[in-house]
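K.L.:
Handing you a structure now.
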Amino acid sequence: MRRFLAPVVPVAVLVSVLGACDVQSSSEQVAAAAEPLTANGVTTTLSYSADWGSGYCAKVTLVNGSTAAVTSWTAVVEMNQAKLSSLWDGAYTASGTRVTVNPASYNASISASGSVSFGFCANRTGSNYKPTLISLAVVGGGGSAPDAGTPDNGSASACGAVTENPFGNCKFAWGAPDNGSNSSYLSFVSGWIGYETRGGLDAALATNVACDGCRLAKAVASTKAMAVLYTYFIGFQANYMGGFGDCNVDHDGHNLCTDGAQWIRDNRALIVKMYGEYAKKVYAASPNKPVIWWLEGDFVQYSYSDQSNPLSYAELGALARDITCAIKSNQPNAVVAMNHSPWISNDQANGFWGAQPLDVLDLVWVQGAGDTDNFVNSGTYNAATASFGWLHKKTGRKIMAETSFAGSGSADRWSTTTAANINARIANGVVGVLVNNPGASYQSAIDTLSPSLSLTCD
């Protein structure tokens, strides 16, 4: 991310690949048929999260409809006229156009009525580019199908419904970084997460920083304020594990702008797991009050051409979907917002948001000022897209603004402007603002402005 951030080895070790012709045990059954495939009560289906003509991203879901647990599985995908570019939540080997996938260590087992999945992206090499599931092998399973019940976490329904406005009173929401006492008068307070050792996957450290988001969520649970989590797992962990720091402070030629995308490819399953496990901890700390997750500032940077192996917009969209679903499946009342980088070009803005999973994302967050609809980074190259109005219309989502970026955006141009200006922002979808450096008169300014502000609900 192109701004200063406060504040080893990858741990998602995938299981070794089993050959497609391995000897089967007595409890193992192989299915080789048209989609969907079924073996020992496990049904495997393939769905697409994105298809942009020259490639696609797909998800394969295995649902155990039997009464017995599955301890391992193997799926074979015929890629046809497409070349695999990335695969997550599994380990694979390729032979010709066929890819054999085995589970990662954390999704090898499938409980009765449970489900697991893996995903992949591929680039088109011919007209017959859609993949086909051709073989499924499972160890375990079998027995009669159980009665229908609540879907297991990780199923398609785990992403939940979209929350259009997390502030139930429909009043414009004012926020600031948590200082231990300002939750008494603010609508929300913020804190950074993702810097914890291995993204919080380790047991709590002696210094009790393994889940700082848990601390914040618990601290505001009985106040009027909600917690907003600046999530930066990729940025922090790519730095700690790979040495790839933020582009504006790491000048050795290897940073997030050059190697971040490849680090994501190498650690994709770990990233999703960190988010899911962290959300589980936050939910345990404060189960009765929603928490707002602001995902990965400058997420679009991993598609830039200066990356050694850039992600496509579709790959970014597929990752955003998996992260969002990992959060919501472990914290059912979570609200998830995707970041918009206000300095990107018109083409980049349209490409990025055209591939984002807006059916599961709740909000958008972006840097901007309260006294103008245009972003402070607007210019001739992005004049059509660098505004609150365009962003709201393009995404169909409400917007939370913030002021932490460098340049003139760091000033408080919200509590110091007029109610008429803020009402114009509300009309363009803005429901709240995080002022990162509020002055001594911030609370009194809020008290003065708030009675004259429009409601933020449609």
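K.L.:
Might you report the magnitude of the Cβ-based charge dipole of the chain about its Cα centre, with Lys and Arg at +1 and Asp and Glu at -1, to the nearest 20 debye?
P.N.:
Taking the Cα centre of the chain as origin, the dipole is about 480 debye.
K.L.:
On full extension of the chain, what length is gained from Asn309 through Tyr185, given 0.36 nm per residue of separation minus the C-alpha to C-alpha distance?
P.N.:
Separation in residues times 0.36 nm, less the Cα-Cα distance, equals 40.0 nm.
K.L.:
Separate question: Answer rounded, prolate or oblate for the stretch 303-414, using the Cα gyration tensor with square roots of eigenvalues a ≥ b ≥ c: rounded when a/c is under 1.5, else prolate when a/b is larger than b/c, else oblate.
P.N.:
It is oblate, given that a/c is not under 1.5 and a/b is not larger than b/c.
K.L.:
Can you compute the modelled spin-label distance between Asn346 and Ala411, with each label point 7 Å from Cα toward Cβ, in nm?
P.N.:
2.9 nm
K.L.:
Roughly what % antiparallel, to the nearest 5, for the DSSP beta bridges in the stretch 262-401?
P.N.:
10 percent
K.L.:
Along Cα→Cβ, 7 Å out, is where each label goes; now give me the distance between the ones at Cys170 and Thr372 in nm to one decimal.
P.N.:
Placing both labels 7 Å beyond Cα along the Cβ direction yields 3.2 nm.
K.L.:
Per residue, how big is the convex hull of the stretch 162-293 when only Cα atoms are used? Give it in Å³. Show your work: numbers first, answer last.
P.N.:
Working: hull volume 18.4 nm³, N = 132.
In the stretch 162-293, the Cα convex hull volume per residue is 139 Å³.
K.L.:
Here is a follow-up. Would you mind counting up the charge near Gly370? Only other residues with Cβ under 9 Å from its Cβ, with Lys and Arg at +1 and Asp and Glu at -1.
P.N.:
Neighbourhood net charge equals 0.
K.L.:
At 7 Å along the Cα-to-beta-carbon direction for both Lys393 and Thr67, put a label point, then send me their distance in nm to one decimal.
P.N.:
5.9 nm
K.L.:
Calculate, in nm to one decimal, what Ser452 and Ser127 gain on full extension: separation in residues at 0.36 nm each, minus their alpha carbon distance. Don't skip to the end; give the middle numbers.
P.N.:
Numbers: separation 325, 0.36 × 325 = 117.00 nm, distance 5.87 nm.
That pair, Ser452 and Ser127, stretches by 111.1 nm at full extension.
K.L.:
State the three equivalent ellipsoid semi-axes of the chain, derived from the C-alpha gyration tensor as the square roots of 5 times its eigenvalues, in descending order and whole Å.
P.N.:
Sorted largest first and rounded, they come to 41, 24, 20 Å.
K.L.:
Among 100-109, 415-424, 236-245, 322-331, how do they line up from the highest to the lowest mean number of other beta-carbon atoms within 10 Å? Spell out each step's value before the answer.
P.N.:
On the way: 100-109: 18.9, 415-424: 16.7, 236-245: 20.9, 322-331: 25.4.
Final packing ranking: 322-331, 236-245, 100-109, 415-424.
K.L.:
Given the options Ser387, Asn330, Tyr278, identify the residue whose Cα lies farthest towards the positive end of the charge dipole of the stretch 157-452 (+1 on Cβ of Lys, Arg; -1 on Cβ of Asp, Glu).
P.N.:
Toward the positive end, the furthest listed residue is Asn330.
K.L.:
I'd like the distance between the alpha-carbon centres of the stretch 220-282 and the stretch 347-366, rounded to an integer number of Å.
P.N.:
Their Cα centres are 19 Å away from one another.
K.L.:
Here's something else I'd like to know. Throw me the Rg/Rh for the stretch 28-148, computed over C-alpha atoms with Kirkwood Rh, two decimals. Provide the component values of the computation, followed by the final result.
P.N.:
Working: Rg = 14.2 Å, Rh = 14.4 Å.
Rg/Rh for the stretch 28-148 comes to 0.99.
K.L.:
Take the Cα pairs of the stretch 370-457, get the Kirkwood Rh, then feed it into Stokes-Einstein at 25 °C and 0.890 mPa s and tell me D in µm²/s.
P.N.:
182 µm²/s
K.L.:
Let me ask something else about it. Leaving out same-chain residues fewer than 8 places away, which lysines sit with a Cα under 25 Å from that of Lys218?
P.N.:
Here the lysines satisfying the reach criterion relative to Lys218 are Lys171, Lys273, Lys280, Lys281, Lys289, Lys328.
K.L.:
Taking the Cβ-Cβ separation of Thr418 and Ala284 as r and a Förster radius of 41 Å, what is the calculated FRET efficiency to the nearest 0.05?
P.N.:
Efficiency, rounded to the nearest 0.05: 0.40.
K.L.:
Now for a different question. Given the rule -39500 (n - 2.57) for each run of at least 4 DSSP H residues, summed and divided by the residues of the chain, what is its mean residue ellipticity at 222 nm, to the nearest 500 deg cm²/dmol?
P.N.:
Details: 8 runs with 101 residues, N = 458.
Mean residue ellipticity, 222 nm, calculated: -7000 deg cm²/dmol.
Throughout, read-outs are computed from the coordinates displayed, never taken from laboratory work. Keep in mind that this is a model prediction, so the values were computed, not measured. All Cβ positions, glycine included, derive from the backbone under ideal geometry; neighbour counts span all protein chains shown.
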